[in-house]
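Peer 1: Sharing a structure, written as structure tokens. Questions coming.
Coordinate-derived values only; no laboratory data. From a predicted model like this one, the values you see are computed outputs, not experimental measurements. Cβ: placed from backbone, ideal geometry, glycine included. Neighbour counts: every protein chain shown.
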Amino acid sequence: MANYHVMKDKDSGDWYAKREKADRVSGYYDTQAEAEKAAKELALNSGGGEVRIHTPKGSIRDSDTVSPGNDPCPPRDKKH
């Protein structure tokens with residue numbers, strides 16, 4: 001199980017997906033939607049986990065649990 005973050009590179013302007021506590025980025029993408037999709041696929045392939053989507057300024061905008069990961073707040077997450 002692995003958690004991923006979707007963030008914007010301040011230098012290049014590209015979006016990237018990065019595994020939590022990893023030294024390197026998993027991949028760079030043109031749009032936030034592409035990076036989010038890739039992060040969810042990577043989380044699914046590693047056994048599930050959380051995907052946290054950040055705003056361009058860096059704060060967390062949204063978080064999504066990829067099955068079979070454990071949702072930390074199942075009653076509150078009514079969007080997915």
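Peer 1: Under the condition of being of a type in the set (D, E, K, R) and not in a loop (DSSP other than H, G, I, E, B), which residue from region 13-32 is nearest to residue 2 (Cα to Cα)?
Peer 2: That would be 19.
Peer 1: For residues that are farther than 23 Å from residue 68 by Cα and in contact with a His (Cβ under 9 Å, 6 or more places away or on another chain), scanning just region 3-15, find the one that is surrounded by the most Cβ atoms within 10 Å (Cβ to Cβ). Can you show your working first?
Peer 2: At the first step, the residues of region 3-15 found to be farther than 23 Å from residue 68 by Cα are 7-15.
Cutting the leftovers down to in contact with a His (Cβ under 9 Å, 6 or more places away or on another chain) gives us 7-8.
Numbers: 7: 21, 8: 16.
Looking at the filtered set, the residue picked out is 7.
Peer 1: So which residues in region 29-47 are surrounded by 15 or more Cβ atoms within 10 Å (Cβ to Cβ) and farther than 17 Å from residue 64 by Cα?
Peer 2: 29
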